[in-house]
2 protein chains.
Amino acid sequence: MERLKPILDAIPPVDRRLETEIRAHLDNLTKPVGSLGTLEDLAASYCLITGTVTPKLGKKRIVTFAGDHGVAAEGVSAYPSEVTPQMVYNMISGGAAINVLAKHIGVDLQVVDIGVADPLEGASGLIRRKVKSGTDNMSSGPAMSEEEAIQAIRVGVDLANAAAEDGITLLGTGDMGIGNTTPSSALCASLIPCSVAEVTGRGTGIDDDRLEHKITVIERSLEVNSHLLSDPFSTLAAVGGLEIAGICGLILGAAGRRLPVVVDGFISSAAALAAMRLSEPVRDYLFFSHCSAEAGHRIFYERLGLRPILDLDMRLGEGTGAALAMNVIEAGVKIYNEMATFDSAGVSGKE
Amino acid sequence: MERLKPILDAIPPVDRRLETEIRAHLDNLTKPVGSLGTLEDLAASYCLITGTVTPKLGKKRIVTFAGDHGVAAEGVSAYPSEVTPQMVYNMISGGAAINVLAKHIGVDLQVVDIGVADPLEGASGLIRRKVKSGTDNMSSGPAMSEEEAIQAIRVGVDLANAAAEDGITLLGTGDMGIGNTTPSSALCASLIPCSVAEVTGRGTGIDDDRLEHKITVIERSLEVNSHLLSDPFSTLAAVGGLEIAGICGLILGAAGRRLPVVVDGFISSAAALAAMRLSEPVRDYLFFSHCSAEAGHRIFYERLGLRPILDLDMRLGEGTGAALAMNVIEAGVKIYNEMATFDSAGVSGKE
């Protein structure tokens, strides 16, 4: 925890005093007060995050972190681990869902190898920041050492800083890693906290038997590592993942730059949870894009009192939910910036 | 009803036999089966509507119909009727919410005077198809004659045909008309059917007293016109609105051209309900964009067994929900068209 202090100390709380002026502007636009609902809330949050009543929109970027999981050896996923590098190659050639959606929404995509077991030879266009060739099997010990977790967090912070310097104004998270709903559920169970069964789902599509086995594996992982679950950082190291720590770092780094972050699905939410537990003010910098069909995600939102923007039964990750939600967030900011006021348009007010 | 026969007879049922091939293609894309949830369903619907397994995307258009309501004289709205023409001018000058969102999503916008009381002099860019200068007060007799309702429906059919000829591939509905939640609730109560109180809400923002008054006015309207509520067409004429009949016509005309229609909020849903009651196959051509914060809309969806794409607490109309949903529908079609398959990308399948 101590070694994260400079990163955490850089995160300012948002200045809520701006809210009155922001809401007054929204109420003066040619529509009944509050009638654009969530779009107005998104615009207000965007203003608060960026600390202005005259928000600007610029370029968007999604950073998708790929990593492997030692715990996949326990048979917790419907797919073999070889799919992680295969999907990385697929993303680099533009054939994955996130490529299609990023292009559709007009988002720049970065794919980062932060911990894929495969060397990914010849993968051009990949950002190579491998901390370790996959985590260790958390069901028999910690997934990462604290040193490795710090390194993975720093990769995320670096990429957030690079985004801020590149003029990105909306940053999205994404993940790829066979087996990664398993550490995500472990993190949720430990950090919400709640029972493992509540936050464990079918991931890419396992049957009842394997789901029961997955719950047992997560429970064992939490037990084996129980002495390491005393604070959110060591919990992230013990039962997290390299891509999850990378996303956590991206979020922390973005908040330090007052850069709004759009959190993708269940895996990204587990990373966001770790970030929020590490630093209270982080929460105000986050947009939660969608509610995943992965069972634990609804519990996550309920327990944290958060409401996602979209609910489209998606459960793919990669940043796909973040991409779609970015369009809605930008719609809100444009409403704020571009609509006429009652005065300017000569429209009568409420009777 | 008889006079609508040519319009209704032109609507073909969709050919569900294509569904197996559509789903097989979706299942072969590099993602776990079904993991893009609603996006996959939207793509499948788009294919079925257009009758192809190789769907094309083209231009998008929203048609926003404006009309006034005689029943507004009963004090059912928070805003005076003069706001209808004021907002039409605002839309024409680009200052309304729908202008901002249409531009954001890349949608062409048509604003149609189908029944505004004001002559709208000098309003350039407006499509002038005024059937009548506002409806009559439905709380003391029918809102429109059947002849007027037919004319209004034909305006919508004409605009759907024009859209098809202009190469539009996704057509959205929109409305503007002070007082129009009142006839919309009356239509829902009569055509779902259900109690007036269940489907009546605060519209642009009325208080408890006025809400109670609004319910009474709607109940009186249904009573006064009870002899005219025997079929969906005469119901639409008696307790509907000119813009509602126009939207109903747009939907019927679009279905006749196998053109997918994105239904906006509560008012558009009331029009869609009339269209679905007039012709069973119409339902398959519709995408329901969002769940409005207007109280009756959730009941509408529940009773009809429909699920909207978005739920953003919006209650503005104009086509604002349709615009946002169009982006999600296109995302689904692009997923279908542009993603790699397991074979082409060399990705392993489920174990």
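The values are calculated or read from the model by the stated rules, or taken from the named source; none is laboratory data. All values reported here derive from a predicted model rather than from experimental measurement. Quick reminder, even Gly has a Cβ in these numbers, built from the backbone with ideal geometry, and neighbours come from all protein chains shown. Surface areas here come from the heavy atoms of the whole protein model, side chains and all, with no ligands, DNA or RNA. Shrake-Rupley method; radii C 1.70, N 1.55, O 1.52, S 1.80 Å.
Residues of the stretch B:323-340 that are of a type in the set (S, T, N, Q) and open to solvent by 30 Å² or more (accessible area, probe 1.4 Å): B:337 alone. Residue A:204 meets each of the listed conditions (1) modelled with pLDDT of 95 or more; (2) buried (at least 17 other Cβ atoms within 10 Å of the Cβ) apart from (1). Condition (residue is more than 14 Å from every other protein chain (Cβ to nearest Cβ), open to solvent by 30 Å² or more (accessible area, probe 1.4 Å), at pLDDT below 95 and assigned to a helix (DSSP H, G or I)) applied to the stretch B:9-22: is it met by at least one residue? Checked against the condition, which is being more than 14 Å from every other protein chain (Cβ to nearest Cβ), open to solvent by 30 Å² or more (accessible area, probe 1.4 Å), at pLDDT below 95 and assigned to a helix (DSSP H, G or I), the stretch B:9-22 yields no hits at all. Scanning the stretch B:245-263 turns up at least one residue that is open to solvent by 10 Å² or more (accessible area, probe 1.4 Å) and assigned to a helix (DSSP H, G or I).
Taken over the stretch B:161-184, the criterion of being part of a helix (DSSP H, G or I), hydrophobic (A, V, I, L, M, F, W, C) and crowded, with 24+ Cβ neighbours inside 10 Å is satisfied by B:163 alone. Pairs are defined by a Cβ separation below 6 Å, a sequence spacing of at least 6 or placement on different chains, a first member in the stretch B:324-351 that is within 7 Å of chain A (Cβ to nearest Cβ) and on the phi > 0 side of the Ramachandran plot, and a second member that is open to solvent by 40 Å² or more (accessible area, probe 1.4 Å) and part of a helix (DSSP H, G or I); no pair meets this definition.
Looking only at residues of the stretch A:147-184 that are under 26 Å from residue A:77 (Cα atoms) and charged (D, E, K, R), we find that the one that is nearest to the chain's Cα centre (by Cα) is A:175.
Would you call residue B:293 within 12 Å of another protein chain (Cβ to nearest Cβ) and closer than 19 Å to residue B:62 by Cβ? No: the conditions fail for residue B:293. Among the candidates A:29, A:57, A:39, the residue that is open to solvent by 10 Å² or more (accessible area, probe 1.4 Å), within 11 Å of another protein chain (Cβ to nearest Cβ), touching a helix residue (DSSP H, G or I) at 6+ places or on another chain (Cβ under 9 Å) and not aromatic (Phe, Trp, Tyr) is uniquely A:57. Whenever a residue of the stretch A:73-99 is more than 7 Å from chain B (Cβ to nearest Cβ) and closer than 19 Å to residue B:340 by Cα, it has no partner that is open to solvent by 10 Å² or more (accessible area, probe 1.4 Å) and among the aromatic types (Phe, Trp, Tyr) lying with C-beta atoms less than 6 angstrom away and at least six residues away or across chains.
Once the stretch A:302-314 is narrowed to residues that are in contact (Cβ under 8 Å) with a residue 24 or more places away in the chain and open to solvent by less than 20 Å² (accessible area, probe 1.4 Å), the residue that is nearest to the other protein chains (Cβ to nearest Cβ) is A:314.
Annotation: residue B:280 fulfils all but one of (1) more than 7 Å from every other protein chain (Cβ to nearest Cβ); (2) modelled with pLDDT under 95; the unmet one is (2).
Which one of these does residue A:210 not meet: (1) in contact (Cβ under 8 Å) with a residue 40 or more places away in the chain; (2) open to solvent by less than 40 Å² (accessible area, probe 1.4 Å); (3) closer than 24 Å to residue A:313 by Cβ? So residue A:210 meets the others, but not (2). Taken as a whole, the structure leaves residue B:78 outside the set of residues that are open to solvent by less than 50 Å² (accessible area, probe 1.4 Å) and within 19 Å of the chain's Cα centre (by Cα). All conditions in (1) open to solvent by less than 10 Å² (accessible area, probe 1.4 Å); (2) over 23 Å from residue B:140 (Cα atoms); (3) out of contact with any Asp or Glu (no Cβ under 9 Å at 6 or more places or on another chain) hold for residue B:218, with the sole exception of (2). Scanning the stretch B:100-122 for residues that are buried (at least 17 other Cβ atoms within 10 Å of the Cβ) and within 13 Å of chain A (Cβ to nearest Cβ) turns up B:100, B:101, B:102, B:104, B:105, B:107, B:118. Against the list (1) part of a loop (DSSP other than H, G, I, E, B); (2) modelled with pLDDT of 95 or more, the condition residue A:78 fails is (2).
Right, residue A:140: away from chain B (no Cβ under 14 Å) and either open to solvent by 40 Å² or more (accessible area, probe 1.4 Å) or free of Cβ contacts under 8 Å to residues at least 24 places away in the same chain (or both) or not?
Taking the combined requirement at face value, the residue satisfies it.
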